Amino acid sequence: RSTDQFGSEPWWEVVAPEERTVGRGMLAQALGGAPTHLDLTCIGRGGESLHATVAVRGLPGPDGRLDHALVLVHDITERRRAEIAREESLARTEAARREAEEASKAKDAFLATVSHELRTPLTPIMAWTDLLLGGTLGGEETARALGSIQRNARAQARLIDDLLDLSRIVAGEWRVEFRPVDLVPVVRAALDVTRPTAHAKGVEVTSVLPREAVV
């Protein structure tokens, strides 16, 4: 072993305490005729923890039996630190890649949701417009069609305003206000989405909604 890094301490003082059992096993294996080497944690001259490759080979005594061993300790601390730094760098790169993939998936899901939400009020607007242009609606149905177009156009305008709010969220200028919501207009808007399609197929959709607000 090199005395520059490890000094002149006995073999058992070189190996870290938690790995001395492994070191004893290596010595027993070498004296049994099977040279071995392992990477172990060792203690340097100044008491610092070092990474080292330890090789143990049994040597014959005067009678030819393996009764002592040659122990070589090679300091690989710098190499191991470089390996650890590389592994950590690869882990950070992999984590960044996963975050980028998750962000991409979230963006795709957001765009799909936005497209759906913007199309929802547009569907009854286009359907009622086609019926109006077709001239098949009576006076009451025409009024209902115009009311639906107006409500859904306003709903789409609110959706666009919500999208603009995202920039305020990013800037930290957006506040949440909690207030009761009347469910009757929500149900009525949902019915308006289905009525044009139903009307085109000769199906009449009716509803009975309370006059007072439902929250």
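Quick look at the values:
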{"item": "nm² value of the averaged projected area, convex hull over the Cα atoms of segment 79-149", "result": "5.8"}
{"item": "Rule-of-thumb Rg ratio for segment 1-146 [Cα; 2.2 N^0.38 Å; N residues]", "result": "2.56"}
{"item": "For peptides 189-196, 132-139, sequence by mean Cβ density within 10 Å, most packed first", "result": "189-196, 132-139"}
{"item": "Accessible surface of the chain, 1.4 Å probe, proportion on carbon and sulfur as whole %", "result": "57"}
{"item": "The chain: most fluctuating residue of ARG151, ARG168, ARG80 per GNM, C-alpha cutoff 10 Å", "result": "ARG168"}
{"item": "Nitroxide proxy distance, nm - points 7 Å out along Cα→Cβ at LEU90 and ARG57", "result": "3.2"}
{"item": "In degrees, nearest ten, helix 77-134 long axis to first principal axis of the chain (Cα)", "result": "10"}
{"item": "Inverse of mean 1/r across different Cα pairs in segment 52-119, Kirkwood, Å", "result": "17.5"}
{"item": "With 5 Å bins from 0: P(r) over segment 79-215, alpha-carbon pairs, percent", "result": "2, 8, 11, 14, 13, 11, 9, 7, 6, 4, 4, 3, 3, 2, 2, 1, 0, 0"}
{"item": "Accessible area per residue in Å² at 1.4 Å probe, computed on the chain", "result": "70"}
{"item": "Sequence ranges 58-67, 122-131, ranked by mean other-Cβ count within 10 angstrom, highest first", "result": "122-131, 58-67"}
{"item": "Relative contact order, percent, the chain [alpha-carbon distance under 8 Å, six or more residues apart]", "result": "12"}
{"item": "The chain: angle of helix 20-31 to the longest principal axis, Cα-based, in degrees nearest 10", "result": "50"}
{"item": "Nearest 10 degrees, 0 to 90: helix 183-200 Cα axis against the chain principal axis", "result": "70"}
{"item": "Cα-based Kirkwood hydrodynamic radius, segment 23-68, one decimal, Å", "result": "11.7"}
{"item": "Label-point separation, VAL181 to ARG45 (7 Å along Cα→Cβ), nm", "result": "7.4"}
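The values are calculated or read from the model by the stated rules, or taken from the named source; none is laboratory data. As the structure is a prediction and not an experimental result, all values here were calculated from the model. Neighbour counts run over all protein chains shown; Cβ positions are idealised from the backbone, glycine included. Ligands, DNA and RNA are stripped out before the accessible areas are found, and what is left, the full protein with its side chains, is counted by its heavy atoms. Shrake-Rupley method; radii C 1.70, N 1.55, O 1.52, S 1.80 Å.
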